[in-house]
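Q: Below are the structure tokens for one structure; questions will follow.
Nothing in this text is a laboratory measurement; each read-out follows from the coordinates by a stated rule. Quick caveat, the model's predicted, so the values are computed rather than measured. FYI the Cβ positions are ideal-geometry reconstructions off the backbone, even for glycines, and counts take in every protein chain you see.
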Amino acid sequence: MNSPVPDLHRFADRLGRWISESGPEGDVVVTSRVRLARNVEGFPFVSRLSPERAVELSGSLQPVLTGLDLSAETHWVDILGASPVLRLLLRERHLVSRDLAPSAEERPAQPGRAVLFTHDESVSVMVNEEDHLRVQAMSAGFSVEAALLMARAVDQRIEARLRFAHTPQYGYLTCCPTNVGTGLRASVMLHLPALSLVQSERDKVFTAASRTGLAVRGLYGEGSRAFGDFYQVSNQVTLGRSEEQLVAEISEIVPAIVRFERSVRSALLEDNRAGLVDRVSRSYGVLLTSRSMPTGEALAHLSNLRLGLYLGLWSQGSLETLNRVRVQIQRGHIQALQPKQEEGPLLDSNERDRLRAAFLRQVLAAR
């Protein structure tokens, strides 16, 4: 069943399953994602797609996607008609990319762009991003295989109704040559606070990952920064590899990164327990008392609390709370959580920083 997105306040307050749950290796691996890039036969790639044909394609895809039997309620959002706050919410929940839903200061939204997502946010399908379709599945913790099964099931249902651009020699054809073949990108989001404190060790890990064909990016993928010590690790090239091979490659390197992060955490705790206690306590105190807090600073302090929680140095909160707060302090969520502010123009940074600090004080003081 397809339905409109609920009012923004309720949407911002209710988080998806992959955000609120903790999965395998959840102290380091926050979430796993698999994305499949597909293009519809008979239409130019998005880079050559006129606005009129983009609208035509989106219009033809909407009944196909909303008619899929996904065993869950789904929501369809036309990006051009979405409010600036809703676009930010979708980005902050990793349901869409910056390219699909740019903010007003980045560039105008383009016609024919849309997204379908399930109510629990485990599956989303972007329409007319870099490719005509980008099927995405997300699950909590280190669970790439589970994400692949979800994405593949949705992809097969769509392909039963559409003809994708595909050749026996190259596989699925995509706008970017690095995606040709399976069109698959598997990624995991990692929280690496200990490696971030010991940058020489972090650089060794990232260099080893790049040598195996993996890319390390920031919190929101390509071109983004690693706010709060969160990093995304993903495959770079798909041509010549099967889906199983691509998933196996990332499944081999990620456990090594997890072990390395844990070993550095243990070493830091043994060598400088007092310093870590002070670091965590200072962050907790700042979050409890600040009257203004930029996003990056808040994420850095929350990262320290998350590290303290797993090392037994902080017990005033839970992982569920930290996962929720990490998402809800971002600028779209902070605005949407305010009564009568969710549909208005974007707040200026000073007002957001004030509201963010108040939100953090309220949530953490209630623990």
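Q: By what distance, in whole Å, do the Cα atoms of region 246-325 stretch along each of the three principal axes, largest value first?
A: 46, 30, 20
Q: What GluC sites (Glu not before Pro) in region 233-283 are in a loop by DSSP, with at most 15 other Cβ atoms within 10 Å of the Cβ?
A: Passing sites in region 233-283 do not exist.
Q: When a/c is below 1.5 the answer is rounded, else prolate if a/b is larger than b/c, else oblate, so apply that to region 155-204 with a ≥ b ≥ c taken from the square roots of the Cα gyration tensor eigenvalues.
A: Prolate is the answer for region 155-204, as a/c is 1.5 or above and a/b outweighs b/c.
Q: Here is a further query. Could you give the nm distance between label points at Leu288 and Ser71, where each point is 7 Å from its Cα heading toward the beta carbon?
A: 4.5 nm
Q: Identify the residues of region 128-143 with backbone N under 19 Å of a label point that sits 7 angstrom from the Cα of Thr167 along the Cα-to-Cβ direction, or state none.
A: What the label zone holds, given the 19 Å backbone N cut-off, is 131-132.
Q: To check my understanding: the extent here is largest minus smallest coordinate of the Cα atoms along each principal axis. What are those three numbers for region 2-188, in Å, largest first?
A: Principal extents (largest minus smallest coordinate, Cα): 43, 37, 32 Å.
Q: Report P(r) for region 5-84: all Cα-Cα distances, bin width 5 Å, range 0 to the bin holding the largest distance, values in whole percent.
A: The calculated distribution, bin by bin, is 3, 9, 14, 17, 19, 15, 13, 7, 3, 0.
Q: Using 0.36 nm times the number of residues separating Lys340 and Thr178, minus their current alpha carbon distance, what extension gain do you get?
A: Full-extension gain reported as 53.9 nm.
Q: I would also like to ask the following. Just the Cα atoms of region 156-263: what Rg and Dmax do they give in Å?
A: 16.1, 51
Q: For a quick check of your reading of the filter: which trypsin sites (Lys or Arg not before Pro) in region 181-290 sit in a DSSP loop and have no more than 14 other Cβ atoms within 10 Å?
A: Those that pass, being in a loop and sparsely packed, are Arg225.
Q: Take the alpha carbon atoms of the chain, find their radius of gyration, then divide it by 2.2 N^0.38 Å using N residues; give the quotient.
A: 1.00
Q: What is the order of Glu145, Glu121, fewest Cβ neighbours within 10 Å to most?
A: So the ranking, lowest neighbour count to highest, is Glu145, Glu121.
Q: Still on this structure, please answer the following. Which of the three applies to region 53-109, rounded, prolate or oblate, going by the alpha-carbon gyration tensor with a ≥ b ≥ c and a/c under 1.5 meaning rounded?
A: oblate
Q: If you take every residue apart from Thr74 with its C-beta less than 13 Å away from the C-beta of Thr74, what net charge results, scoring Lys and Arg +1 and Asp and Glu -1?
A: Overall, the nearby charge balance is -3.
Q: Oh, and also: In whole angstrom, how far apart do the alpha carbon centroids of region 272-292 and region 80-152 sit?
A: That distance is 35 Å.
Q: Among the trypsin sites (Lys or Arg not before Pro) in region 109-161, which ones are in a DSSP loop with at most 14 other Cβ atoms within 10 Å of the Cβ? Mind listing them?
A: Those that pass, being in a loop and sparsely packed, are Arg161.
Q: Taking the C-alpha atoms of region 272-365, how large are the radius of gyration and the largest Cα-Cα span, Dmax, in Å?
A: Cα-based Rg and Dmax for region 272-365 come out at 13.8, 48 Å.
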